[in-house]
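What follows is calculated from the coordinates using simple rules that are stated; it is not laboratory data. Everything quoted here is computed from the prediction, not taken from an experiment. Note that we place each Cβ from the backbone using ideal geometry, even for glycine, and neighbour counts take in every protein chain shown.
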Amino acid sequence: MNDKNMLLDNIEKIHTTELGMKRISNNLKLDIADMINYCKSLLLNNKCRIHKKGKKFYCECADVLLTINSYSYTIITAHKIKR
């Protein structure tokens, strides 16, 4: 199974902590009530590139890089990609 399928097959497990929500909101400069669903929508985008390195998934979607723990499916952080 490839990395993208592994993550998408477990998309219902994706979550974050309260501190993670604040970190993601601050880093992306977004004020969205449901940050988890926003991140999931990015992951479901066909153009989203997902690869696993060690214990983390790195997901590049549009101008956002999400880092997700591959064991617990916790969104660790998100950053804007500078191009």
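Give the range 1-24 a look and list any residue that's part of a loop (DSSP other than H, G, I, E, B) and in contact (Cβ under 8 Å) with a residue 24 or more places away in the chain, or say none.
10, 14, 16, 17
Those residues that are under 16 Å from residue 81 (Cβ atoms) and either among the charged types (D, E, K, R) or part of a strand (DSSP E or B) (or both), I need them from the range 37-55; list them, please.
Matches in the range 37-55: 47, 49, 50, 51.
Yes or no: the range 25-36 includes at least one residue that is in contact with a helix residue (DSSP H, G or I) (Cβ under 7 Å, 6 or more places away or on another chain), assigned to a loop (DSSP other than H, G, I, E, B), free of Cβ contacts under 8 Å to residues at least 60 places away in the same chain and not basic (Lys, Arg). It would help to see each step written out before you state the result.
Step one: of the range 25-36, the residues in contact with a helix residue (DSSP H, G or I) (Cβ under 7 Å, 6 or more places away or on another chain) are 25, 31-32, 35.
Those left that are additionally assigned to a loop (DSSP other than H, G, I, E, B): 31-32.
If we keep only those that are free of Cβ contacts under 8 Å to residues at least 60 places away in the same chain as well, we get 31-32.
Subsequent filtering for residues that are not basic (Lys, Arg) retains 31-32.
Yes: one or more hits.
Considering each residue of the range 50-71, count those that are in contact (Cβ under 8 Å) with a residue 60 or more places away in the chain and either of a type in the set (Phe, Trp, Tyr) or exposed (fewer than 15 other Cβ atoms within 10 Å of the Cβ) (or both), and give that number.
Qualifying residue count for the region: 0.
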